[in-house]
Every structure is written in C-alpha cells, then in structure tokens.
1. Within the range B:157-183, which residues are more than 7 Å from chain A (Cβ to nearest Cβ), outside any helix (DSSP H, G or I) and either of a type in the set (A, V, I, L, M) or under 19 Å from A:GLY136 (Cβ atoms) (or both)?
2. State all residues of the range A:10-26 that are at pLDDT below 90 and open to solvent by 100 Å² or more (accessible area, probe 1.4 Å); if no residue qualifies, say none.
3. Take the range B:68-113 and flag every residue that is open to solvent by 60 Å² or more (accessible area, probe 1.4 Å) and polar (S, T, N, Q).
4. Evaluate the following for A:ILE189: is it facing chain B (nearest Cβ under 7 Å), buried (at least 21 other Cβ atoms within 10 Å of the Cβ), over 22 Å from B:GLU119 (Cα atoms) and in contact with a Pro (Cβ under 8 Å, 6 or more places away or on another chain)?
5. Could you run through the range A:192-203 and say how many residues are free of Cβ contacts under 8 Å to residues at least 24 places away in the same chain, in contact with a Pro (Cβ under 8 Å, 6 or more places away or on another chain) and not in a loop (DSSP other than H, G, I, E, B)?
6. Of all residues being among the β-branched types (Val, Ile, Thr) and under 18 Å from B:MET74 (Cβ atoms) in the range B:87-119, which is nearest to the chain's Cα centre (by Cα)? Just the residue, please.
7. Just the residues that are more than 7 Å from every other protein chain (Cβ to nearest Cβ) and open to solvent by 10 Å² or more (accessible area, probe 1.4 Å), please, taken from the range A:146-156.
8. Scan the range B:51-68 and give yes if some residue there is assigned to a loop (DSSP other than H, G, I, E, B) and farther than 19 Å from B:VAL123 by Cβ, otherwise no.
Protein chains: 2
Amino acid sequence: MAATHSQGDKTPRTERGRKTLRKLLDAAATEFAEKGFHEASISGITRSAGVALGTFYTYFDSKDAVFRALVSDMSAGVGKAAREALDPSMGALEIERVALRAFLEFAAEHKEIYRIIDEAEFVDPDSYRAHYETIGSRIEERLKLGGESGEFAPGLGTPEAWAVMGMNVFLGLRYVIWGREGDPDFEEIARRANMLLTRGIAS
Amino acid sequence: MAATHSQGDKTPRTERGRKTLRKLLDAAATEFAEKGFHEASISGITRSAGVALGTFYTYFDSKDAVFRALVSDMSAGVGKAAREALDPSMGALEIERVALRAFLEFAAEHKEIYRIIDEAEFVDPDSYRAHYETIGSRIEERLKLGGESGEFAPGLGTPEAWAVMGMNVFLGLRYVIWGREGDPDFEEIARRANMLLTRGIAS
C-alpha cells in the first residue's frame with residue numbers, strides 16, 4: 001500500500017495495525033477536507049478515527065506526514081479503483097472507458113479527493129506533483145500496451161497520457177464535484193469521452 | 001475588460017486610469033503568486049506597482065476584491081490570447097490547435113496563472129468555478145460552431161468541451177509549469193493534442 005511506503009519503519013505489520021492505519025487515513029481525509037490543512041489537527045483526526053492520540057504517533061510523525069501519506073493513499077486508491085473495474089478480456093479502448101467510469105465513481109465516493117489533492121499544491125508540492133506523475137505514468141503505460149496490441153495508434157506517449165488524464169480530471173470536476181440536476185450519468189460521460197478517444201471530434 | 005466588471009463604479013474612465021489598473025493587476029499577480037493569498041499584502045502590491053497606497057482604493061475595496069478581479073482578468077487574458085492567435089480563415093480543428101498553442105504561450109508568459117487560479121479554489125471558490133465555466137463555455141461555443149459548419153461531429157456539448165479544457169490545462173501543467181529539458185516544443189504538443197481531436201487514439 002502506497003500510504004505506508006513513506007512511513008519507513010512505521011509500516012504496520014499486523015492486520016489490526018493495518019485497520020487502524022486505514023481508520024486514521026479515512027479520518028484524516030475528512031478532517032483535511034472539512035477544515036483545510038492549516039486548521040486541521042491531529043487530535044481532530046484521532047477523535048474522528050476513535051483512537052487514542054498516542055496511537056497516531058505509532059503511524060505518523062506529524063500532521064505533514066499524515067497529509068503526505070493521504071495524498072499517496074489517494075493516488076493508490078484511484079489506481080485500485082481502475083484495476084478492480086478492469087478485466088483481462090477488455091480491449092484497450094474499453095479499458096479507458098471503464099477506467100474513467102471507475103474514477104468518476106471513486107471521486108463520487110471520495111469527493112474530498114479534489115480538495116485534498118488541490119491543497120497539496122500549496123502544502124506539499126512534491127506530493128502534488130507525484131500524484132499526477134503516478135497517474136500519468138499509469139495511463140501512459142496503458143496507451144503503450146494498446147499501441148503494442150495494435151488497437152491504439154503507434155507512438156502514443158506522455159502528451160497523450162496527460163491529455164487523457166486532464167480529460168478525466170476535468171470531467172470529474174464538472175460532473176462529480178459540480179454535478180447538477182439533469183446531467184448525463186457517469187456511464188454516459190465515460191461513453192462520450194471514449195468516443196472522443198475512439199474517433200476524435202471531427203465529422 | 002472582465003477585470004473591471006465586478007468593480008462597479010470603480011471602473012477607470014481614462015486611459016491613465018486603465019494603465020494604473022493594469023499595473024495594479026500585474027503587481028497583484030506577482031504578489032499573490034510569490035506569497036500566496038494570506039501572506040500577500042495591499043502595500044506589497046502598491047509598492048511593486050509603484051503607486052501610492054491610497055491609489056489602490058480608487059480601484060479596489062480590499063485584498064479579496066483585487067484577488068477576485070485578478071482571477072477574472074486571467075480568464076479574460078486566456079480568452080484574449082486565443083482570440084488574437086485566431087483568424088477567420090481557420091477551420092474548426094485548426095482553431096483548437098492554435099488556441100491550445102496560444103494558451104501554452106500565455107501560460108509560459110504568466111506562469112503564476114496556475115498557482116493563482118488553483119489558490120482561488122480555497123480563497124474564492126466562486127471565482128474558481130467561474131474561471132472554468134467561462135473557459136468551458138467558450139470552448140463549447142467553438143465546438144458547436146464546428147458542428148454547424150460540418151467540420152466537427154454533430155451533438156458535441158459540455159462533456160466534450162470540459163474534456164478539451166482538461167487536456168489543455170494538463171498539457172500546460174506538464175509542459176509549461178513542470179517542463180523539462182528535452183520536452184517537445186509547444187507547437188509539437190499542440191499538434192499531438194490536435195491529432196487526438198482529429199482522429200482519436202485508435203489505430
């Protein structure tokens with residue numbers, strides 16, 4: 001789990017430890033999203049996680065450390081949501097459609113992700129950049145595999161991967177975070193974005 | 001000029017007034033980008049603009065007001081950069097390519113735009129949303145015109161406009177803000193993004 005990598009020797013070794021870490025990260029997501037980084041407090045996180053204040057320090061050294069772990073956990077969560085929605089029988093274009101739909105659903109379940117990632121730009125610029133570089137690399141890898149299988153055009157790379165990532169992030173911003181009555185559903189949004197990838201927007 | 005709309009009766013009426021307003025907005029861009037909203041000060045803005053502190057209040061009521069005007073001015077600046085790069089002989093696809101290239105160049109000249117717009121999410125959420133809704137509507141309008149002229153597929157709308165906006169914003173993030181030695185130039189980035197719009201990424 002990405003969230004634990006940066007914790008060094010604080011990685012939990014037991015199932016119970018992993019559950020406590022999960023509770024702390026979920027509570028941190030709520031605390032940071034509701035109060036913003038500067039107003040958020042470690043005691044607010046432990047209270048909402050239902051664990052003792054001292055327990056926090058078994059897992060993290062500081063508020064900065066839990067924020068950093070949370071951003072990394074969210075990058076991992078986006079990846080996990082996509083992977084779980086995919087299956088080996090899918091073609092490369094279908095993978096992009098299903099991955100976008102899974103991302104929209106993940107964001108709808110974790111609406112705080114936008115606020116937290118966006119605040120990382122100010123609080124922890126390295127985590128902010130790592131978040132997008134991680135996701136961008138994952139998409140680039142899929143585009144390359146699609147090129148090798150012959151389903152995608154050859155030579156797709158970083159620009160196309162960042163274009164796809166930007167599409168997905170902005171469709172989530174518009175249809176998840178700023179969604180309105182009467183909007184198309186996530187399936188339809190993913191279908192239309194996929195049409196753009198399949199044939200472009202020319203007539 | 002969008003920057004002055006929200007100022008009501010503080011809109012400058014003379015050429016000299018417009019120049020002073022421009023100086024204040026440019027100085028505000030630097031001050032907010034360097035210090036962030038909370039650390040930025042009105043006196044820092046007037047000092048860097050080379051105008052008296054009292055002059056500030058001829059144009060703005062508060063630090064919030066100049067920040068809001070700046071976000072609106074940046075939305076207008078993005079639009080102006082695109083319009084100036086376009087000419088009536090261009091086809092709909094060419095317009096998208098040239099508009100993206102103009103945006104990348106604008107962002108390279110005004111690198112502070114990302115930080116300021118992104119901070120607006122926290123400092124002034126209405127301005128943040130208005131910024132993207134303004135740009136999204138502008139792109140949607142172009143996609144509709146392209147549909148009417150027959151160059152674009154019929155029925156393009158908000159999802160495609162936000163997809164195009166997301167592509168453009170993320171290509172700017174990667175190639176302007178986080179640009180690296182050896183990256184393709186803006187012309188090449190705009191060409192590749194345009195290829196995606198022209199024919200998609202399928203083989």
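1. Selection gives B:GLY179, B:ARG180, B:GLU181, B:GLY182, B:ASP183.
2. First, the residues of the range A:10-26 that are at pLDDT below 90: A:10-13.
Scanning the range A:10-26 gives a single hit, A:ARG13.
3. B:SER89
4. Details: facing chain B (nearest Cβ under 7 Å): yes; buried (at least 21 other Cβ atoms within 10 Å of the Cβ): yes; over 22 Å from B:GLU119 (Cα atoms): yes; in contact with a Pro (Cβ under 8 Å, 6 or more places away or on another chain): yes.
Judged against the criteria, A:ILE189 is a match.
5. Residues of the range A:192-203 free of Cβ contacts under 8 Å to residues at least 24 places away in the same chain: A:192, A:195, A:199-203.
So of that shortlist, the ones also in contact with a Pro (Cβ under 8 Å, 6 or more places away or on another chain) come out as A:192, A:203.
Those still in the list that are not in a loop (DSSP other than H, G, I, E, B) too: A:192.
Residues meeting the conditions: 1.
6. If we filter the range B:87-119 for residues that are among the β-branched types (Val, Ile, Thr), which is where we start, we get B:95, B:98, B:113, B:116-117.
Next, from what is left, pick out any that are under 18 Å from B:MET74 (Cβ atoms): B:113, B:116-117.
Working: B:ILE113: 7, B:ILE116: 10, B:ILE117: 9 Å.
Residue satisfying both the conditions and the ranking: B:ILE113.
7. In the first step, residues of the range A:146-156 are kept if they are more than 7 Å from every other protein chain (Cβ to nearest Cβ); the result is A:146-149, A:154-155.
A:GLY147, A:GLU148, A:SER149, A:PRO154, A:GLY155 - these are the residues of the range A:146-156 that are more than 7 Å from every other protein chain (Cβ to nearest Cβ) and open to solvent by 10 Å² or more (accessible area, probe 1.4 Å).
8. Keep residues of the range B:51-68 that are assigned to a loop (DSSP other than H, G, I, E, B), which gives B:51-52, B:60-62.
Of the ones still in play, those that are also farther than 19 Å from B:VAL123 by Cβ are B:51-52.
Taking every residue of the range B:51-68 in turn, at least one turns out to be assigned to a loop (DSSP other than H, G, I, E, B) and farther than 19 Å from B:VAL123 by Cβ.
The values are calculated or read from the model by the stated rules, or taken from the named source; none is laboratory data. These numbers come from a predicted model, not from an experiment. Using ideal geometry, Cβ is built from the backbone for each residue, glycine included, and neighbour counts are taken over all protein chains shown. For accessibility, only protein heavy atoms count, side chains too; no ligands or nucleic acids. Shrake-Rupley method; radii C 1.70, N 1.55, O 1.52, S 1.80 Å.
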